[in-house]
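Scroll down for the structure; my scribbles are underneath it.
Every read-out reported here was derived from the displayed coordinates using simple, explicitly stated rules and does not represent laboratory data. Everything quoted here is computed from the prediction, not taken from an experiment. Here the Cβ positions follow ideal geometry from the backbone for every residue, glycine too, while neighbour counts run over all protein chains shown.
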Amino acid sequence: MPASRSPLRPRLAAVLFACVAANACATGTTGPVDDAPRGPVTIRVPAEAPTIAAALERARPHDLVLLSPGRYRETVRLRTRQVTLRGTDRNRVVIDGEGRRGNGIVVTAPGVTVENLTVRSHLQNGVLVTGLKNGDEGIGRGSDGYHRLDPTANPPLDGFRVRYVTAANNGLYGIYAFNARHGTIEDNYASGSADSGIYVGQCKPCGILVRGNTAERNAVGYENTNASGPLWIVGNRFTGNRVGMTIGSDYLEALTPQGGATVAGNLIADNAAADTPEQADGGYGIGLGIAGGRDNTVTRNRITGHPRAGLVLTSSEDLPPIGNRVTANTFAANALDAAYLAPAHALGSGNCFTGPLGHTLPADLAAVMACPATTTPAPGPGTLPDTPPTPPGLPFLDVPLPPAQPQLPDAATAPATPFTNGPTPIDPADVPLPAPTLLAEHSRDRR
């Protein structure tokens with residue numbers, strides 16, 4: 001499987017903050033300063049509070065912090081539950097890290113909504129949603145080979161919403177949900193991420209919906225590590241990255257093995273772009289990689305235009321792929337439509353494919369692994385042919401900024417709608433095969 005390394009920790013493509021904000025770090029609180037009774041209010045920045053941090057210090061549950069157009073040079077910390085942070089104009093409200101600050105927005109309280117703004121040029125993450133409140137926020141380590149996550153000391157953040165956010169040119173992840181559950185990531189755009197545009201990690205069960213997003217010109221469009229179902233990745237556009245998306249298990253995070261994700265109705269196309277951050281080299285040119293995942297459903301996706309492979313199924317160290325079902329997808333213009341690379345020491349079982357497949361590795365994959373799975377395949381070769389050569393790529397801050405993105409309706413006037421419940425379950429049978437132009441109007445490629 002492909003090999004890559006993030007500068008801070010390995011990512012799945014390997015197998016397939018210090019706080020530096022000058023005026024934000026000291027001002028966040030765990031609750032409002034004024035305890036007098038009142039109903040929900042709107043706090044306008046800068047008209048009623050000079051900075052976002054000052055507004056959030058005053059905010060109580062169900063309040064709306066409303067940002068006027070401008071560049072905000074601060075790290076934003078949301079520590080009060082059920083607060084909404086919203087820009088009046090998605091493209092002109094910019095939280096700018098200037099290539100100096102670690103994180104743009106850090107959410108550590110439940111029920112928070114972040115919407116209709118741009119967050120860009122941070123050394124780590126654009127938007128980080130996490131239940132890990134101690135330590136070096138931004139890296140989000142849950143466990144390693146010697147230490148395991150204590151779920152009592154570090155319970156997952158319960159409930160979040162990120163929508164109509166543009167995350168551009170961030171050094172790790174554009175939108176990052178880690179040790180969080182019961183949330184939605186919808187109608188966002190992510191580009192220029194040196195690791196991945198959108199990342200969901202370390203939750204079991206997750207109860208997270210990732211829908212209607214566009215991720216392009218990232219090292220990886222979407223990553224899903226130790227994030228298990230119910231989890232729905234549906235109706236997204238993952239195009240023009242180095243790698244389209246990855247799903248799998250990783251011992252450097254807690255809650256292995258990963259399992260039970262639904263990947264349906266996504267456009268995963270042309271993921272071999274050279275004008276992308278210089279990471280994920282070993283996975284360059286792959287559409288979807290599943291490494292050590294279990295019982296995932298991959299259905300009705302359009303997977304096209306990959307010079308190495310449309311879909312790769314393999315192990316992650318000694319964690320085999322088990323029970324993954326790949327059904328009713330459309331493959332076209334891939335060097336290989338599908339490849340099974342699991343080695344003998346983690347061979348896997350119960351994985352199956354239905355639907356037409358062109359070239360595969362092994363060549364008889366469609367017959368040997370037809371659904372229902374009754375035959376265990378022979379060990380795979382372990383790696384794909386090392387072609388095409390990986391281009392050098394760009395520094396993440398140099399990736400061109402995205403085009404203007406659509407607005408949250410009535411953003412300047414609509415009241416906040418506090419997020420109280422997780423997403424409604426998605427039946428993959430109700431998700432259609434996407435058109436080749438899915439969300440093309442949001443893409444810089446416009447096709």
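Using only the C-alpha atoms, the convex hull of segment 45-96 corresponds to 67 Å³ per residue.
Stokes-Einstein, applied to the Kirkwood radius of segment 236-394 over Cα pairs at a viscosity of 1.567 mPa s and 4 °C, places its translational diffusion at 84 µm² s⁻¹. From the largest down, segment 282-342 spans 32, 26, 12 angstrom on the principal axes of its Cα atoms.
Taking 7 Å steps out from each Cα toward its Cβ at Thr375 and Asp158 produces label points 4.8 nm apart.
Centroid-to-centroid, using Cα positions, segment 39-104 and segment 289-305 are 37 Å apart. Principal axis extents of the C-alpha atoms in segment 304-447 (largest first, rounded to whole Å): 60, 41, 30.
Give me the orientation-averaged projected area of the Cα convex hull of segment 199-240, in nm², one decimal. Its average projected convex-hull area is 2.7 nm².
Taking 0.36 nm per residue of separation and subtracting the Cα-Cα distance, full extension of the segment from Thr420 to Leu252 would add 57.4 nm. Dividing the helix sum by the residues of the chain, where each DSSP H run of 4 or more adds -39500 (n - 2.57), gives a mean residue ellipticity at 222 nm of -500 deg cm²/dmol.
How big is the Cα convex hull of segment 203-303 in projection, averaged over all directions, in nm²?
Values: hull surface 22.7 nm².
For the Cα atoms of segment 203-303, the hull's average projected area reads 5.7 nm².
Give me Cys203, Cys371 ranked fewest to most by other Cβ atoms within 10 Å of their Cβ, as a rough exposure proxy. Don't skip to the answer; put the middle values down first.
Working: Cys203 27, Cys371 14.
Ordered from fewest to most neighbouring Cβ atoms within 10 Å, Cys203, Cys371 come out as Cys371, Cys203.
Averaging the sequence gap over all C-alpha pairs within less than 8 Å and six or more residues apart, then dividing by the number of residues, gives segment 41-126 a relative contact order of 26 percent. Packing-based ranking of 413-425, 86-98, 174-186 yields 174-186, 86-98, 413-425, ordered from highest to lowest mean Cβ neighbour count within 10 Å. Across all Cα atoms of segment 340-414, the radius of gyration (one decimal) and Dmax (whole number) stand at 21.8, 61 Å.
With all pairs of different alpha carbon atoms counted, what Kirkwood hydrodynamic radius in Å does segment 316-368 show? Intermediate results must be reported in sequence, preceding the final value.
Numbers: mean 1/r = 0.0843 Å⁻¹.
11.9 Å is the Kirkwood radius here.
Computed over segment 215-272, the alpha-carbon pair-distance distribution with 5 angstrom bins reads 5, 21, 25, 21, 18, 10, 1, each value a whole percent.
Taking every DSSP bridge with both residues inside segment 273-413, close to 5 percent are antiparallel.
For segment 258-272 and segment 364-432, what is the centre-to-centre distance using only Cα atoms, to the nearest Å? For segment 258-272 versus segment 364-432, the Cα centre distance is 4 Å. In terms of overall dimensions, the C-alpha atoms belonging to segment 71-135 reach 27, 27, 12 Å along their principal axes, ordered largest to smallest. For the chain, a crude dipole built from +1 on the beta carbon of Lys and Arg and -1 on the beta carbon of Asp and Glu, taken about the Cα centre, is about 620 debye to the nearest 20.
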